[in-house]
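For reference, the structure is listed below as structure tokens.
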Amino acid sequence: MSDRHRAAIERTTRAQLMARLRIGILAAGTGGLLLLSLPNMLRDWERYEPAWAQACAFAMLAAVLCVEAVLVFRGRLAPVGWQWAAIGTVVTASVLSYAALPYGHAATAGDWIFGQANWVGLAPLVGRPLPVPLAFLALHWGIALTSMLLNTAADRATVLRFATGSIGVIGYPLCMAVTAAAFRGIARSAAAAKWQTEQVAVVEAAAVESHQRRRQRFADLDLSMVPLLEGLATGRLDPTDRRVQHDCAIEAARMRRLFAEVDVVPNRLLHELRHCADVADRNGVLVEMDTRGQWPELPPPVRRDLTEAPLTVLATAASWARVTVVGGPDLVCVNVLADCGPVDLPRPVTPQVRLDTFRSEEQLWVEVRWQADASPR
């Protein structure tokens, strides 16, 4: 499983954990904008200089909340580009509102954006590292403080009102930012645990599938090997009989192929054919092998059908055999020519595999062909 998939799991987990928190912040921002900020702004509408600046600031905050609502509805985290654009919009709205605020109205009900821009700016920053929302809250508070110092007689009452309002303006959003940062760490841990669980599940599934294939292969061997071993053990079969020797060689080649199927090698088909040829070589048969082309990795059933007839011919060859493997992206042919007597060749089970044979005196030519787009026989 790739790092990209792991990052996707973390994003999905973080979005799920942040969903309710984002809804809460969005509700606080929307409710404050409509139920608190709008009545205060309308109450002092004629005092603003000019009033349209306050309307523009209000519309900018409303636009940020609308886009954030769409993202929350779709279950998506805010993209980084949108986050910076939203913060820029909120800061611009704050500066525009304070520029139109009459002298002496800082830290009053007419200063409606002081307790509102913080929530609107926090909404798109949910899920960001804690220093990012902290920097935004500090910038918003700094703009409000600058406006108070420049446009208000900073008397004791004004400073106390500003300090009291700052507790709610900074404190409550700060608690949300800390909670979001904690959720970010929880999401990372949960994503790591989920990724590890998926890794274990993949390994277990592969182990179960491998075990089932191994049991099936041994079950196939039992159909031919067990009767042969029982016949040799009970004396019913004569070890000096040429037919029995051929059957033993065929079963030995199948066992070698069975062991070779679990090896991790670049070309499994050639690897398994070489193991089958090794059995013939041990019996004194001169085996030549030639390959042409490249082909994709074939599934075990196809490789088994491509090697079953060749291993039978190799196991029963008298003195020499030639193996040729030719392949491409959608076609693989295994040809075997050997000096062997009459032999029963198993028919392929896979529909895309075809077996052809030709006998000339003491020579037997066998071709097993796999074609990806071949129709069932």
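A few comments on the model shown:
- Subset tally (residues that are part of a helix (DSSP H, G or I) and at pLDDT 90 or above) for the range 278-303: 2
Condition check ((1) under 28 Å from residue 328 (Cβ atoms); (2) in contact with a Ser or Thr (Cβ under 8 Å, 6 or more places away or on another chain)) across all residues:
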| residue | (1), (2) |
| --- | --- |
| 244 | no, no |
| 251 | no, yes |
| 256 | yes, no |
| 268 | yes, no |
| 271 | yes, no |
| 280 | yes, no |
| 285 | no, yes |
| 290 | yes, yes |
| 303 | yes, no |
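- Filtering the range 291-346 to residues that are surrounded by fewer than 22 Cβ atoms within 10 Å (Cβ to Cβ) and touching a residue at least 60 places away in the same chain (Cβ under 8 Å) leaves 298, 300, 302, 343.
- Subset of the range 238-277 [part of a helix (DSSP H, G or I), under 22 Å from residue 215 (Cα atoms) and free of Cβ contacts under 8 Å to residues at least 12 places away in the same chain]: 271
- Pairs with Cβ under 7 Å, 6+ apart, first in the range 153-178 and open to solvent by less than 80 Å² (accessible area, probe 1.4 Å), second polar (S, T, N, Q): 158/152; 169/118; 173/118
- Total residues in the range 290-307, condition in contact with a strand residue (DSSP E or B) (Cβ under 8 Å, 6 or more places away or on another chain) and under 19 Å from residue 250 (Cβ atoms): 3
- Of the numbered criteria (1) small (Gly, Ala, Ser); (2) modelled with pLDDT of 85 or more; (3) under 38 Å from the mean Cα position of the chain (by Cα), the one residue 185 fails is (2).
- Taken across the range 97-115, residues that are at pLDDT below 85, over 27 Å from residue 45 (Cα atoms) and of a type in the set (Val, Ile, Thr) do not occur at all.
- The number of residues in the range 261-287 being closer than 22 Å to residue 370 by Cα and surrounded by 11 or more Cβ atoms within 10 Å (Cβ to Cβ) comes to 14.
The values are calculated or read from the model by the stated rules, or taken from the named source; none is laboratory data. Keep in mind it's a predicted model, so treat the numbers as computed, not measured. Counting neighbours? That spans all protein chains shown, and the Cβs are built from the backbone with ideal geometry, glycine included. Surface areas here come from the heavy atoms of the whole protein model, side chains and all, with no ligands, DNA or RNA. Shrake-Rupley method; radii C 1.70, N 1.55, O 1.52, S 1.80 Å.
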